[in-house]
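Report on one structure; see the data block that follows.
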Amino acid sequence: MSTIFITGSTDGLGRAAAQSLLGQGHRVVLHARSADRADALGELKSRAQGIVVGDLKSAAETKAIADQVNAIGRMDAVIHNAGVYTRPGRGATPEGHAETLAINTLAPYMLTALIQRPGRLVYLSSGLHRGGEGSLDDLDWTKRAWDSAQAYAESKLHVVALAFALARRWPKVLCNAVDPGWVRTKMGGAGAPVDIDTGQRTQTWLAVSKDAAALVTGRYWHHLAQQQPASEATDPRFQDALIGKLGKLTGVELPEV
Ligand SMILES: NC(=O)c1ccc[n+]([C@@H]2O[C@H](COP(=O)([O-])OP(=O)(O)OC[C@H]3O[C@@H](n4cnc5c(N)ncnc54)[C@H](OP(=O)(O)O)[C@@H]3O)[C@@H](O)[C@H]2O)c1
């Protein structure tokens, strides 16, 4: 049995992934943005290996999340699931970053660097990442007029590029990105075509399965099948440039090997 940390497990796909993995007998470490939101975990609380608390909007709280996970022990897998969709404005985190960038890109980057290296890493992307090319000149939205859909698309491209970069740097870790489809959650809305159980399946399979098909790295997945992501995500020059900028924005370095 594996131990899996899932960010954003109070609701939606993260909560569904936790339920699925617990049902299979795995150990799950849950995450909520605040103590109040941790109450929403309900019956999952007593079944969890641990519950960590922190708002991914804040770099300080994100670092504290990594500390809490490391205090529990080494994870076999981490599912970087938490995310936000369209925001009314750029906003500003405690460190002054655009909120979408901070939650969807900077937080998974920092947690990846700061949590003791697991055996598998899974990043929740989106088919919308295909509209997210060309972000490097203004990653933090300080020059451009705010465009929430574009910011979301860019953030989802960033995590595919991150997964692919890690697959090159850390060959012993299985690093993959997943498009769960348009799923009926708080984010996806009631009219979305994909049910939540289908939506969680690929990321939980990649996190724990011993099937040969799941034991791969540097792939982009949709409903248990590999797909080709946007070309920037697979370009090592883009990946390295992105990681360099994320290092500067966060002050956290991603180990080369
Ligand atoms: N649903 C879709 O159609 C769809 C499609 C493509 C990709 N995705 C991706 O799948 C992932 C999960 O989406 P979902 O549909 O399950 O979304 P959701 O229902 O809105 O749930 C998002 C989860 O992330 C948490 N979260 C958001 N901001 C946070 C913050 N600042 N700090 C800590 N936790 C935070 C939420 O906590 P609270 O409960 O406290 O809000 C919640 O647990 C996201 O990365 C999303 O981009 C979803």
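Coordinate-derived values only; no laboratory data. These figures come from a predicted structure and were not determined experimentally. Because the Cβ atoms are built from the backbone with ideal geometry, glycine has one as well, and the counts that use them run over all protein chains shown.
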Neighbour net charge for G91 - beta-carbon separation under 11 angstrom, K R +1, D E -1: +2
Name the most mobile residue of A113, A16, A60, meaning the one with the largest mean-square fluctuation, in a Gaussian network model of the chain with Cα contacts below 10 Å. A60
Stokes-Einstein diffusion coefficient of region 29-79, Kirkwood radius over Cα pairs, 25 °C, 0.890 mPa s, in µm²/s: 217 µm²/s
Cα-centre dipole for the chain with unit charges at Cβ (Lys and Arg positive, Asp and Glu negative), debye to 20: 440 debye
Dividing the alpha-carbon Rg of region 3-250 by 2.2 N^0.38 Å yields what? 0.92
Report, by chain and number, residues whose modeled amide H sits under 5 Å from the one on L224, excluding near sequence neighbours (fewer than 5 apart, same chain). T202
The ³J(HN,Hα) series, computed from each phi in region 26-32 with the Karplus coefficients 6.51, -1.76 and 1.60 at θ = phi - 60°, rounded to the nearest Hz and given as x for glycine or proline, is 7, 9, 10, 9, 9, 9, 10
Using the beta-carbon distance between Q116 and A212 and R0 = 30 Å, what value does 1/(1 + (r/R0)^6) give for FRET efficiency, to the nearest 0.05? 0.70
Tell me, what ³J(HN,Hα) does each residue in region 74-85 have, in order and in whole Hz, if you take phi through Karplus 6.51 cos²θ - 1.76 cosθ + 1.60 with θ = phi - 60° and put x for Gly and Pro? 6, 8, 6, 8, 10, 9, 7, 10, 4, x, 10, 9
For region 175-238, state what percent of all Cα-Cα pairs lands in each successive 10 Å bin, counting from 0 Å until the bin that includes the largest distance. 21, 43, 30, 6
Which lysines, if any, have their Cα less than 26 Å from the Cα of K45, not counting same-chain residues under 8 positions apart? K57, K63, K186
Using a Gaussian network model of the chain with C-alpha springs under 10 Å, which one of D240, D76, D179 is most mobile by mean-square fluctuation? D240
What share of Cα pairs, in percent, lie more than 21 angstrom apart in region 1-135? 38 percent
For K210, give me every one of the lysines with a C-alpha distance below 22 angstrom, ignoring sequence neighbours fewer than eight places off in its own chain. K172
